[in-house]
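Novice: Dropping a structure here in structure tokens format, bear with me for questions.
The values are calculated or read from the model by the stated rules, or taken from the named source; none is laboratory data. What you are looking at is a predicted structure, and each value in this text was computed from that prediction instead of being measured. Glycine gets a Cβ as well: all are built from the backbone with ideal geometry, and neighbour counts include every protein chain shown. We work out accessible area using only protein heavy atoms, side chains counted, and drop any ligands, DNA or RNA first. Shrake-Rupley method; radii C 1.70, N 1.55, O 1.52, S 1.80 Å.
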Amino acid sequence: MSRSRRYNDICVGKEAGGSHGNVILGCRDAEIAQLTNITSSPHERLSKVVPGKARLPVSPVKMLAGRECNYNGRGRFSLADSCHVLSRYLPVNGPSEIDKMNSCAYVSQFSADGSLFVAGFQESHIRIYNVDNGWKIQKDIRARSLGWTITDTSLSPDCRLLAYSSISPVVHIVDVGSAAKESHANITEIHEGLEFSSNTEDYEDYSFGIFSIKFSTDGRELVAASRDESIYVYDLEAKRVSLRIKAHKSDVNAVCFGDETGHIIYSGSDDHLCKVWDRRCFDTKEQPAGVLMGHLEGITFIDTRGDGRYFISNGKDQAVKLWDIRKMSSNVEYTPVRRYPEWDYRWMSYPGHVRNMRHPDDLSVATYKGHTVLRTLIRCYFSPENSTAQKYIYTGSADSSVYIYDLVSGAQVAKLDFHEDTVRDCHWHPFYPMMVTSSWDGAIARWEFPGSGSGGSQTPVRQNRRRRRSFY
């Protein structure tokens, strides 16, 4: 049967900030620790509903009593008050199965308002589910010009457009708001193609692939990470590539905008480096604003905190790292050296004797370990701002599970264990204690707290794990 494993705030046998071999777990940055505390702590008067010293966490009953008595002078909960309550209710119950396909699930994504959910599968299939309407399929998309698999999808901020990428130099755009439920590329609907390369040879083989795409906050631009060691910015109004940066010395696996302004871009590559790009001071030399070193192997994914300062990255060195861009190095010519060039994460286990090694020039402010990053570009995220104050970090894993870590202590607070194969992606609902996981076993599963038992099939019996495969 499916099961989830919950832990106390401090994981058994590990103290916050304690050593993990040569790696220090937990956050060493006092500022983000204080910021997380402020945004997830109740008003001081709400924490003193009864006389005496305030004790945290405050129970929901006391919080409600304090609100009704208007102890904070507002007559309602602040965002921090709400996060103090909701952040304790992790989506660990279930799961219920939303859908099951005969191909590997690669992508999971809620819309910004949580009303839609997108799942991308290897065999050219993308499905958009209406969350508010019982998870019914709103759009069933058959992708165009697919190269191997759907590598990424991105919903526009207004939820009108969906962009999808592949091992191909073309990103396609689908109209989500159209009336047609079935969307077969250029048969029932037009899937507009955005060309990122004019080289005809790139269309004939897998030499050019796009691994990561993201809409800007205003929906006018699309940023993309590619296999040709570059990052691209596409102007959707002008219908052309407005910026190409030869960003790294290997495949660029991850890219995102740093904040809502769109000026800051973060990128991560198989050259082990994360780089920060500031478009306001970009010159013809294509030099980054700074470089962040710390991973011992390639980066598989990047997620921003949205403040233009902090972001996290998942690495093939089996670690998630938290970065503060104010600590970045100006040594833009730094070239990392692979310690084990014969190792390939797609079909080999990570060498045990280097699992706990630390980079001698590690600039990260926190490291989180426990999950495994093998066989595919596994993704990690901050938990939602509106319900948890981003106090957790969560990631998929090659061992078929999802791991949730406390951002400050580094402790593993939950492990979701159900799938039969690698969990490449997972996504937390922006407002509710709900998470959806997608796996190479083809299953899309929903986890909740406390779990309503509706809107999906009953929890299935877990089968033996399938033999794992190696894809991008």
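Novice: Does GLY268 qualify as being over 21 Å from ASP228 (Cα atoms) and surrounded by 15 or more Cβ atoms within 10 Å (Cβ to Cβ)? Steps first, please.
Specialist: Numbers: over 21 Å from ASP228 (Cα atoms): no; surrounded by 15 or more Cβ atoms within 10 Å (Cβ to Cβ): yes.
Considered against the rule, which asks whether it is over 21 Å from ASP228 (Cα atoms) and surrounded by 15 or more Cβ atoms within 10 Å (Cβ to Cβ), GLY268 comes out as no.
Novice: Got a number for residues in the stretch 113-130 being open to solvent by 20 Å² or more (accessible area, probe 1.4 Å) and assigned to a strand (DSSP E or B)?
Specialist: Number satisfying all stated conditions: 3.
Novice: I would also like to ask the following. Taking the condition open to solvent by less than 10 Å² (accessible area, probe 1.4 Å), in contact with a strand residue (DSSP E or B) (Cβ under 6 Å, 6 or more places away or on another chain) and not in a loop (DSSP other than H, G, I, E, B), does ILE98 pass?
Specialist: Considered against the rule, which asks whether it is open to solvent by less than 10 Å² (accessible area, probe 1.4 Å), in contact with a strand residue (DSSP E or B) (Cβ under 6 Å, 6 or more places away or on another chain) and not in a loop (DSSP other than H, G, I, E, B), ILE98 comes out as no.
Novice: When you check VAL233 against the structure, is it surrounded by 23 or more Cβ atoms within 10 Å (Cβ to Cβ) and modelled with pLDDT of 95 or more, yes or no?
Specialist: Working: surrounded by 23 or more Cβ atoms within 10 Å (Cβ to Cβ): no; modelled with pLDDT of 95 or more: yes.
No; evaluated as a whole, the condition is false for this residue.
Novice: So, one more: Those residues that are outside any loop (DSSP other than H, G, I, E, B) and surrounded by 24 or more Cβ atoms within 10 Å (Cβ to Cβ), I need them from the stretch 408-426; list them, please.
Specialist: The first filter runs over the stretch 408-426 and keeps only residues outside any loop (DSSP other than H, G, I, E, B), leaving 412-417, 423-426.
LEU416, VAL423, ARG424, ASP425, CYS426 - these are the residues of the stretch 408-426 that are outside any loop (DSSP other than H, G, I, E, B) and surrounded by 24 or more Cβ atoms within 10 Å (Cβ to Cβ).
Novice: Here is a check on your reading of the model: is ILE173 open to solvent by 20 Å² or more (accessible area, probe 1.4 Å) and among the aliphatic types (A, V, I, L, M)?
Specialist: Working: open to solvent by 20 Å² or more (accessible area, probe 1.4 Å): no; among the aliphatic types (A, V, I, L, M): yes.
So ILE173 fails the test.
Novice: Please tell me if LEU162 is crowded, with 23+ Cβ neighbours inside 10 Å, over 14 Å from MET434 (Cα atoms) and either in contact with a Leu (Cβ under 6 Å, 6 or more places away or on another chain) or not acidic (Asp, Glu) (or both).
Specialist: Values: crowded, with 23+ Cβ neighbours inside 10 Å: yes; over 14 Å from MET434 (Cα atoms): yes; either in contact with a Leu (Cβ under 6 Å, 6 or more places away or on another chain) or not acidic (Asp, Glu) (or both): yes.
Judged against the criteria, LEU162 is a match.
Novice: Specify the residue that is most open to solvent (accessible area, probe 1.4 Å); the eligible residues are those in the stretch 325-360 that are of a type in the set (Val, Ile, Thr) and assigned to a loop (DSSP other than H, G, I, E, B).
Specialist: Our first condition is that a residue be of a type in the set (Val, Ile, Thr); within the stretch 325-360, this holds for 325, 332, 335, 337, 354.
Right, trim to assigned to a loop (DSSP other than H, G, I, E, B) and you get 332, 335, 337.
Working: VAL332: 35, THR335: 78, VAL337: 107 Å².
Selected residue: VAL337.
Novice: I need every pair where a residue in the stretch 151-162 that is over 14 Å from PHE257 (Cβ atoms) has its Cβ under 6 Å from the Cβ of a residue that is of a type in the set (Gly, Ala, Ser) and in a loop (DSSP other than H, G, I, E, B), sequence separation at least 6 or different chains.
Specialist: Between residues of the stretch 151-162 that are over 14 Å from PHE257 (Cβ atoms) and residues that are of a type in the set (Gly, Ala, Ser) and in a loop (DSSP other than H, G, I, E, B), the close pairs are LEU155/SER111; CYS159/SER111; ARG160/GLY177.
Novice: Also, quick follow-up: If I filter the stretch 194-218 down to residues being of a type in the set (Phe, Trp, Tyr) and at pLDDT below 85, which single residue comes out as surrounded by the most Cβ atoms within 10 Å (Cβ to Cβ)?
Specialist: We begin by selecting, within the stretch 194-218, every residue of a type in the set (Phe, Trp, Tyr); these are 196, 203, 206, 208, 211, 215.
Filter again for at pLDDT below 85, leaving 203, 206.
Values: TYR203: 16, TYR206: 13.
The qualifying residue surrounded by the most Cβ atoms within 10 Å (Cβ to Cβ) is TYR203.
Novice: Moving on. Considering only residues that are open to solvent by 20 Å² or more (accessible area, probe 1.4 Å) and assigned to a strand (DSSP E or B), look in the stretch 131-159 and name the one that is nearest to GLU195 (Cα to Cα).
Specialist: ARG142
Novice: Next up: Pairs needed: first member in the stretch 165-176, under 16 Å from ALA119 (Cβ atoms); second member anywhere, of a type in the set (Asp, Glu); C-beta distance under 9 Å; at least 6 residues apart or different chains.
Specialist: Pairs found: SER165/ASP152; SER166/ASP152; VAL174/GLU189; VAL174/GLU192.
Novice: Which of the residues spanning the stretch 294-319 are crowded, with 20+ Cβ neighbours inside 10 Å, in a loop (DSSP other than H, G, I, E, B) and not basic (Lys, Arg)?
Specialist: GLY294, HIS295, LEU296, GLU297, GLY298, ASP317, GLN318
Novice: Is it true that PHE431 is more than 21 Å from SER165 (Cα to Cα), of a type in the set (Phe, Trp, Tyr) and at pLDDT 95 or above? Give the derivation first.
Specialist: On the way: more than 21 Å from SER165 (Cα to Cα): yes; of a type in the set (Phe, Trp, Tyr): yes; at pLDDT 95 or above: yes.
Taking the combined requirement at face value, the residue satisfies it.
Novice: Can you pull out every residue in the stretch 93-130 that is among the aliphatic types (A, V, I, L, M) and in contact with a helix residue (DSSP H, G or I) (Cβ under 7 Å, 6 or more places away or on another chain)?
Specialist: So the first thing to find is which residues in the stretch 93-130 are among the aliphatic types (A, V, I, L, M), and the list is 98, 101, 105, 107, 112, 116, 118-119, 126, 128.
Answer for the stretch 93-130, where residues must be among the aliphatic types (A, V, I, L, M) and in contact with a helix residue (DSSP H, G or I) (Cβ under 7 Å, 6 or more places away or on another chain): just LEU116.
Novice: Let me ask something else about it. I need the full set of residues from the stretch 361-390 which are among the basic types (Lys, Arg) and crowded, with 24+ Cβ neighbours inside 10 Å, in order please. I'd like the intermediate steps shown before the answer.
Specialist: So in the stretch 361-390, the residues among the basic types (Lys, Arg) come out as 369, 375, 379.
Selection gives ARG379 alone.
Novice: Which one of the conditions (1) in contact with a Pro (Cβ under 8 Å, 6 or more places away or on another chain); (2) within 15 Å of GLY290 (Cα to Cα) does SER364 fail to meet, given that it meets all the rest?
Specialist: Of (1) in contact with a Pro (Cβ under 8 Å, 6 or more places away or on another chain); (2) within 15 Å of GLY290 (Cα to Cα), only one is false for SER364: (1).
Novice: Working only within the stretch 78-92, note down all residues that are crowded, with 20+ Cβ neighbours inside 10 Å and outside any helix (DSSP H, G or I). Write out each step before concluding.
Specialist: If we filter the stretch 78-92 for residues that are crowded, with 20+ Cβ neighbours inside 10 Å, which is where we start, we get 81, 83-84, 86-87, 90-92.
Selection gives SER87, LEU90, PRO91, VAL92.
Novice: Starting from the stretch 244-259, take each residue that is under 15 Å from PHE208 (Cα atoms) and open to solvent by 10 Å² or more (accessible area, probe 1.4 Å) and list its partners that are at pLDDT below 95 and outside any loop (DSSP other than H, G, I, E, B), counting only C-beta distances under 8 angstrom and pairs at least six apart or across chains.
Specialist: Filtered contacts from the stretch 244-259: no entries.
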